[in-house]
Ligand code: IDP
Ligand code: MG
């Protein structure tokens, strides 16, 4: 199975009508959507999602932001997807992120940076598990996989 990652289109991106723009970039890159849920996090779930940042000064406002409105949580799949999607997202702060990246093109903020993507295979596995049961993740093939990947997986 190809690598998987958890991607969240954060509440600011939903409110700014950027869901289609972001999903479109992933689709055109040839990445495969295998699960999706549109939901609003409780504060408790937000605390858990960002538990690695518990000690940081920005933790409280981060939890408030991410639980303040609905967001789109997805699992995407492709070989090397974690690195690829991190590059497509751009640097954390929108005003530092390279032009051509999602954050570089659409965010000028530190916190309101539109998108979350897992940063390692370990965090991807743990984050995917916290949002999806195995039977909520769909297994299917693209008919043009050969043209996308140069092999027919
Ligand atoms: P990442 O989203 O690029 O992986 P992380 O360091 O994991 O960045 O931080 C998680 C989220 O916390 C960021 O996406 C951003 O929304 C917020 N954040 C990170 N650093 C700061 C900061 O210094 N001030 C305000 N918010 C921050
Ligand atoms: Mg992170």
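Can you pull out every residue in the range 43-53 that is more than 12 Å from ligand 2 (Cβ to nearest atom) and surrounded by fewer than 11 Cβ atoms within 10 Å (Cβ to Cβ)?
Of the range 43-53, the ones more than 12 Å from ligand 2 (Cβ to nearest atom) are 43-48.
Of everything in the range 43-53, just one residue is more than 12 Å from ligand 2 (Cβ to nearest atom) and surrounded by fewer than 11 Cβ atoms within 10 Å (Cβ to Cβ), namely 44.
One residue stands out among those in the range 111-130 that are in a helix (DSSP H, G or I) and touching a helix residue (DSSP H, G or I) at 6+ places or on another chain (Cβ under 9 Å): the one that is nearest to ligand 1 (Cβ to nearest atom), which is 123.
Listed here are the residues, each with its yes/no results for (1) assigned to a helix (DSSP H, G or I); (2) loosely packed, with under 13 Cβ neighbours inside 10 Å; (3) touching a helix residue (DSSP H, G or I) at 6+ places or on another chain (Cβ under 6 Å); (4) at pLDDT 95 or above.
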| residue | (1), (2), (3), (4) |
| --- | --- |
| 1 | no, yes, no, no |
| 6 | no, no, yes, yes |
| 14 | yes, no, no, yes |
| 17 | no, yes, no, yes |
| 21 | yes, no, no, yes |
| 26 | yes, no, no, yes |
| 33 | no, no, no, yes |
| 38 | no, yes, no, yes |
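Within the range 81-96, residues that are within 20 Å of residue 111 (Cβ to Cβ) and away from ligand 2 (no atom under 13 Å from the Cβ) have Cβ atoms under 6 Å from residues that are modelled with pLDDT of 95 or more and not in a helix (DSSP H, G or I) in these pairs: 94/107; 94/108; 94/109; 94/113; 95/108, counting only partners at least 6 apart in sequence or on another chain.
The values are calculated or read from the model by the stated rules, or taken from the named source; none is laboratory data. Since this is a predicted model, take the numbers as computed values, not measurements. Methodologically, a virtual Cβ is constructed for each residue, glycine included, from the backbone with ideal geometry; neighbour enumeration extends over all protein chains shown.
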